[in-house]
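The structure appears right after this line, and notes come after that.
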């Protein structure tokens, strides 16, 4: 049995995920990076689970996306996550370092670096994350490069018309007056499940081989700013790895 002990913020985050599990949006967080020209960049990503016996969070992306370019610069690969849970009115701001895993990165990796000998820098880990996706989500990694001109005029017109019709109908008219909170077409692992569950991965059937565009993003937290908006006064706790994740309660 491992002696690894999770800090307070990590235990609290697992609870927040559990309490808000009925809300699909609870699996989404905003991730900020800094581009090569020094501009802030922000986007929404999907939480895919924790790496077992660690504090690392996992998501996936297309290696051709701008954020990957931001994290492949020579400067330290930094991130900040802002994660708000509407049901429990809690916010987590998690900052730290980013690691990337893809076919190309594994082929070019310097395995003399001890960090590259980790189980997460392996084809097995990459395949496990790939098989956790639905076939529809896998298919997106074979689409044309992001931000390149869309070359199918008829499809573009149809999609724009669908958006216009949906806006005209209004949310209360969808599904007979009932709005839905349907999760995306992906298999997001349970917050406490171990993302390298070999039984699940071995039994998973993949419609596609791993795309060279598929990239796993590993977020390693170095500091956490937790805010709970319930109550008066509001609760705010700061902690970081330098201080052994000891929490400091401060004014909100």
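Residue pairs, Cβ under 7 Å, 6 or more apart or interchain, first in the range 141-152 and over 19 Å from residue 216 (Cα atoms), second at pLDDT below 90. List them.
Correct list of pairs: 150/156.
Need at least 1 residues that are free of Cβ contacts under 8 Å to residues at least 40 places away in the same chain and exposed (fewer than 13 other Cβ atoms within 10 Å of the Cβ) per element, so show me which strands (runs of 3 or more DSSP E) inside the range 1-97 make the cut, counting only ones lying wholly within it.
So the answer is 40-46.
Find all pairs meeting these conditions: Cβ atoms under 7 angstrom apart; at least six residues apart or on different chains; first residue within the range 119-131 and over 15 Å from residue 104 (Cα atoms); second residue in a helix (DSSP H, G or I) and at pLDDT below 90.
Close Cβ pairs satisfying both conditions: 128/201; 131/201.
Residue 214: surrounded by 16 or more Cβ atoms within 10 Å (Cβ to Cβ) and either farther than 21 Å from residue 16 by Cβ or at pLDDT 90 or above (or both), yes or no? Reasoning before the result, please.
Values: surrounded by 16 or more Cβ atoms within 10 Å (Cβ to Cβ): yes; either farther than 21 Å from residue 16 by Cβ or at pLDDT 90 or above (or both): yes.
Against the criterion (surrounded by 16 or more Cβ atoms within 10 Å (Cβ to Cβ) and either farther than 21 Å from residue 16 by Cβ or at pLDDT 90 or above (or both)), residue 214 qualifies.
Got at least one residue in the range 68-75 being under 15 Å from the mean Cα position of the chain (by Cα) and more than 18 Å from residue 37 (Cα to Cα)?
Among the residues of the range 68-75, not one is under 15 Å from the mean Cα position of the chain (by Cα) and more than 18 Å from residue 37 (Cα to Cα), which makes the answer no.
The values are calculated or read from the model by the stated rules, or taken from the named source; none is laboratory data. All values reported here derive from a predicted model rather than from experimental measurement. We place every Cβ from the backbone using ideal geometry, glycine too, and count neighbours over all the protein chains shown.
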